[in-house]
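All remarks here apply to the structure that follows.
The values are calculated or read from the model by the stated rules, or taken from the named source; none is laboratory data. The structure displayed is predicted, hence computed values, not measured ones. Please note: Cβ atoms are built from the backbone with ideal geometry, for glycine as well, and neighbour counts cover all protein chains shown.
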Amino acid sequence: MRRIYLDANATTPLLPEVFEAMRPFYLEHYGNASSIHQQGQQARSAVDHARESIARMLHCRPAEIVFTSGGTESDNLALFGTLNPGDHLITSSVEHHAVLHAAESLESRAVEVTFLPVNQQGLVEPSTLQSAIKPNTKLVSVMYANNETGVIQPIEALAQIAHAAGALFHTDAVQAGGKLPLDVSVKGPLKDIDLLTLSGHKIFAPKGIGVLYVRRSVRLSPMFHGGTHERQRRAGTENVPGIVGLGKAAEIATEWMKTDGPSTLAALRDRLENGILAAVDEAGVNGAGAPRVANTTNIYFDHVEAEALLIALDLKGISVSGGSACQSGATEPSHVLTAMGLTDARARATLRFSLSKLTTPEEIDEALQIIPEAVAHLRRLSPTYKATVSVTH
Ligand code: PLP
């Protein structure tokens, strides 16, 4: 069965060009980028080249790029690297667990933490941030695009408020990479962003590689203690093939952003979203009306257990994600959706569909044949769903 992959926010496949760029750094150019000899220098120059490609994507200096093991490490480094006991951190209640759980851990180490609420659309309102600022606020961390809903936060306005209060601003841009322009230059829209997280495997690079952008003026304490790699900000032998892959993927993403690719992707997502809403009653889009990244739609199907629907779609060859995280066997409703005011039942009836530039119109048409039927089938078994029966007299 040819599968239809609609889970690009979970991960993306490696592009063949990315894999080809990486291959020599496993087999021939396997030197350690810290070694003095020629093989070491080959590896060093490949790392430098990748750093430049990523700096071009972000409009920053190559020296402001720190390579990490992925989005989770970058988020942790941004928070643990800037906060000390007695400092105040402000973040939002819809962050990825990489930020939320890091914040909770900091709380147990005498860092004061405020989790900002969001409105029904999933947006952090700038006035909410303004009123949470305290004299000891050291860092504000709000994600750029949400991984579940695709909702885009007003980070320009939020970062401005943080800066006006003398605080730093970090954004988890894992789900914005390759989807939204990222310009942190002094003249760019993200000029007030001090720290920014990216992850390789969301932009067709490998898993286990990521970036933390650190503005030159920011003092960052390392989390790992060891060698002087990454200008003493992240110790550990560089993952040269991973870095090369991420550099290549960044180059491809930067070029793709200049084409009509993003608008084509948005049109495809809209086709899926509108097609589902036209065919299924008592369904709706979480985060509707808010600005959203082009590839994501998060849809509730009342009277259906999302987990059952996910499995039914999986059996029919469609890969999607639930709006809930399965932790130690118990299905908890998504913290993102409950923060937006959804009932537990509706949060448990929600699926996330996330497309990529590899998704085809044919796949969307096929998915539109399958999804409404799968929902109807499950609803026939639902004790709460009353199908509207048209009666002719
Ligand atoms: N932040 C967001 C918004 C994400 O979606 C993810 C991954 O799902 C991460 C952070 C973690 O990134 P990684 O898987 O590279 O650790």
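Could you list, in sequence order, all residues of the range 81-99 that are surrounded by 19 or more Cβ atoms within 10 Å (Cβ to Cβ) and either assigned to a helix (DSSP H, G or I) or more than 11 Å from the ligand (Cβ to nearest atom) (or both)?
Scanning the range 81-99 gives GLY81, THR82, LEU83, HIS88, LEU89, ILE90, THR91, SER92, ALA98, VAL99.
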Exercise. Give me a count of the residues in the range 100-116 that are buried (at least 20 other Cβ atoms within 10 Å of the Cβ) and part of a loop (DSSP other than H, G, I, E, B).
Key: 1
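Any idea which residue in the range 208-231 is farthest from the ligand (Cβ to nearest atom), counting only those that are β-branched (Val, Ile, Thr) and in a loop (DSSP other than H, G, I, E, B)?
Among those that are β-branched (Val, Ile, Thr) and in a loop (DSSP other than H, G, I, E, B), it is THR228.
Results for (1) in contact with a Ser or Thr (Cβ under 7 Å, 6 or more places away or on another chain); (2) within 21 Å of VAL47 (Cα to Cα), shown as yes or no for each residue.
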position: VAL186; (1), (2): no, no
position: LEU196; (1), (2): yes, yes
position: ARG215; (1), (2): no, yes
position: PRO222; (1), (2): no, yes
position: GLU255; (1), (2): no, yes
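Here is a yes/no grid of residues against (1) of a type in the set (Val, Ile, Thr); (2) within 26 Å of THR296 (Cβ to Cβ); (3) without any contact (Cβ under 8 Å) to a residue 12 or more places away in the chain:
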position: SER131; (1), (2), (3): no, no, yes
position: LEU139; (1), (2), (3): no, no, no
position: PRO154; (1), (2), (3): no, yes, no
position: GLY177; (1), (2), (3): no, yes, no
position: ASP183; (1), (2), (3): no, yes, no
position: ASP192; (1), (2), (3): no, yes, no
Exercise. Look through LEU315, LEU342, LEU368, LEU310 and report the one residue that is modelled with pLDDT of 95 or more and touching a helix residue (DSSP H, G or I) at 6+ places or on another chain (Cβ under 7 Å).
Key: LEU368
Practice problem: May I ask you to verify whether LYS187 is out of contact with any Phe, Trp or Tyr (no Cβ under 8 Å at 6 or more places or on another chain), free of Cβ contacts under 8 Å to residues at least 24 places away in the same chain and farther than 25 Å from LEU106 by Cα? | Solution: yes
Exercise. Please determine, by comparing only the residues of the range 216-240 that are basic (Lys, Arg) and crowded, with 19+ Cβ neighbours inside 10 Å, which one is farthest from ASN32 (Cα to Cα).
Key: ARG233
Self-check item: Criterion (within 16 Å of the ligand (Cβ to nearest atom), in contact with a strand residue (DSSP E or B) (Cβ under 8 Å, 6 or more places away or on another chain) and within 18 Å of LEU79 (Cα to Cα)) met by exactly one of VAL142, VAL151
Solution: VAL142
Quiz item: Out of all the residues in the range 140-155, is one or more part of a helix (DSSP H, G or I) and under 30 Å from VAL320 (Cβ atoms)?
Solution: yes
Quiz item: Regarding ILE36, is this residue within 16 Å of the ligand (Cβ to nearest atom) and either over 18 Å from LEU182 (Cβ atoms) or touching a helix residue (DSSP H, G or I) at 6+ places or on another chain (Cβ under 8 Å) (or both)?
Solution: no
Exercise. For the range 241-258, state whether one or more residues are surrounded by 24 or more Cβ atoms within 10 Å (Cβ to Cβ), away from the ligand (no atom under 16 Å from the Cβ), touching a residue at least 24 places away in the same chain (Cβ under 8 Å) and of a type in the set (A, V, I, L, M, F, W, C).
Key: yes
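Per-residue answers, yes or no, for (1) within 22 Å of the chain's Cα centre (by Cα); (2) under 15 Å from LEU195 (Cβ atoms):
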{"position": "ALA78", "(1), (2)": "yes, yes"}
{"position": "ASN84", "(1), (2)": "no, no"}
{"position": "ASP87", "(1), (2)": "no, yes"}
{"position": "SER105", "(1), (2)": "yes, no"}
{"position": "GLU125", "(1), (2)": "yes, no"}
{"position": "ALA132", "(1), (2)": "no, no"}
{"position": "PRO135", "(1), (2)": "no, no"}
{"position": "LEU158", "(1), (2)": "yes, yes"}
{"position": "GLY166", "(1), (2)": "no, no"}
Practice problem: Check GLY150 against each of (1) touching a Leu at 6+ places or on another chain (Cβ under 9 Å); (2) on the phi > 0 side of the Ramachandran plot; (3) not aromatic (Phe, Trp, Tyr) and name the one condition it does not meet. | Solution: (1)
Quiz item: With (1) within 16 Å of the ligand (Cβ to nearest atom); (2) under 19 Å from ALA167 (Cα atoms); (3) in contact with a strand residue (DSSP E or B) (Cβ under 7 Å, 6 or more places away or on another chain) as the list, and GLY71 as the residue in question, which single condition is left unmet?
Solution: (2)
Quiz item: Can you tell me which residue in the range 190-207 is farthest from the ligand (Cβ to nearest atom), limited to those that are farther than 14 Å from THR12 by Cβ and assigned to a loop (DSSP other than H, G, I, E, B)?
Solution: LYS191
Quiz prompt | Leading residue by the ranking (surrounded by the fewest Cβ atoms within 10 Å (Cβ to Cβ)) among those in the range 156-189 that are of a type in the set (Val, Ile, Thr) and more than 13 Å from the ligand (Cβ to nearest atom) | solution = VAL186
Self-check item: Filtered residues of the range 1-26 (kept if in a loop (DSSP other than H, G, I, E, B) and either more than 15 Å from the chain's Cα centre (by Cα) or more than 14 Å from the ligand (Cβ to nearest atom) (or both))
Solution: MET1, ARG2, ARG3, LEU6, PRO13, LEU14, LEU15, ARG23
